[in-house]
Amino acid sequence: MARAGQVGGTATAARPTLPSPSSRAGTPLTAPAPQEAREGAAAARKVAVVTGAGSGIGRAVALALIAANWTVVLAGRRAAALEETARQVGYAGIGGPAVLPVPTDITRPDEVETLFATVRDRFGRLDLLFNNAGTFGPPAPLDELSYEDWRSVVDVNLNGAFLCAQAAFRAMKAQEPQGGRIINNGSVSAHTPRPHSIAYTATKHAMTGLTKSLSLDGRPYRIACGQIDIGNAATEMTGRMQTGILQANGRTEVEPVMDAADVARTVVHMAALPLEANVQFATVMATNMPYIGRG
């Protein structure tokens with residue numbers, strides 16, 4: 001499974017209709033913020049950072065936010081994947097969507113610092129962090145899981161999420177007007193585990209604690225934090241669900257999936273709320289997946 005910036009695959013349903021690309025292939029599609037400000041367009045668009053934006057849920061959410069008139073900074077380890085997300089948007093002049101790919105390994109504090117410094121210097125503020133990047137890690141019985149595999153999952157899912165949340169918190173606290181929103185990508189595994197998933201499950205339970213602490217600590221600064229718990233969105237990460245995955249009863253069964261675009265619409269709704277309102281926790285899942293009866 002992928003490291004930060006490599007989460008999941010592409011959404012299966014048609015994406016929002018957006019302007020055709022106007023940049024050559026391989027060139028990051030960016031909007032010149034200073035010119036936008038002169039034209040008065042930048043003020044009309046809020047600024048979001050999406051981690052793991054090169055594929056899967058991250059890409060689907062980035063595209064949906066841009067379609068909803070957000071400026072979106074795409075973060076992830078794979079520059080080519082981020083540029084592909086950007087190419088699917090296109091840049092259509094001053095009034096069009098702005099997108100900025102920033103290759104980032106979220107497990108490295110210096111790279112996270114550079115990411116958020118780039119947002120500050122380019123756009124002047126940050127309104128939303130979708131803290132999305134994550135990895136399952138290899139499925140393995142507890143007694144066979146190596147420390148290296150455990151540590152790899154913890155570094156991305158927990159340490160990386162903390163580093164991004166901390167940097168976003170600092171930016172939102174310092175900016176004028178003060179405030180912003182952080183949406184953490186949890187999982188139904190934040191509530192109920194799958195067999196052979198102790199590292200993933202532990203980090204997703206920890207994500208819930210991170211969400212609650214951010215919500216509490218953000219109150220004085222108009223920083224809202226919520227969590228979306230996702231079950232079986234159709235991405236590369238959930239490919240096993242469509243071919244057969246181990247169940248709590250010991251059998252291997254195919255599970256239903258849903259389109260990642262359905263998750264994206266929920267994130268856009270959460271992001272669009274005024275800071276006086278917050279979706280603290282939301283669960284979006286394939287209707288017939290066996291989650292409710294799991295275990």
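Could you line up Ser215, Ser189, Ser146 from fewest to most neighbouring Cβ atoms inside 10 Å? Can you show the working numbers first?
Values: Ser215 17, Ser189 22, Ser146 10.
Least crowded to most crowded, the residues run Ser146, Ser215, Ser189.
Could you go through the range 139-149 in sequence order and give the Karplus-derived ³J(HN,Hα) for each residue, using 6.51 cos²θ - 1.76 cosθ + 1.60 with θ = phi - 60°, rounded to whole Hz, and x for Gly and Pro?
Couplings: x, 7, x, 3, 6, 10, 6, 6, 4, 4, 5 Hz.
What ranking do Thr252, Thr235 get, fewest neighbouring Cβ atoms within 10 angstrom at the top?
Least crowded to most crowded, the residues run Thr252, Thr235.
Looking at the range 201-295, send over the antiparallel percent of its DSSP beta bridges, to the nearest 5.
Numbers: 2 of 8 bridges.
Antiparallel: roughly 25 percent of the beta bridges in the range 201-295.
R0 = 22 Å: FRET efficiency of Ala80 with Gln175, Cβ-based, nearest 0.05?
0.10
Asp143 versus Ala277, label points 7 Å from Cα toward the beta carbon: distance in nm?
That separation, rounded to one decimal, is 5.3 nm.
How big is the range 33-293 on each of its three principal axes, counting only the C-alpha atoms and giving the largest first in Å?
The Cα atoms of the range 33-293 stretch 62, 36, 33 Å along the principal axes, largest first.
How would His269, His196 line up from fewest to most surrounding beta-carbon atoms within 10 angstrom? Each step should come with its number before you reach the end.
Numbers: His269 13, His196 18.
Exposure proxy ranking, most exposed first: His269, His196.
Laboratory data are not the source of any read-out in this text; all were calculated from the coordinates shown. Here the structure is a predicted model, which is why all the values come from computation and not from measurement. Here Cβ is always computed from backbone atoms with ideal geometry, including for glycine, and neighbour counts include all displayed protein chains.
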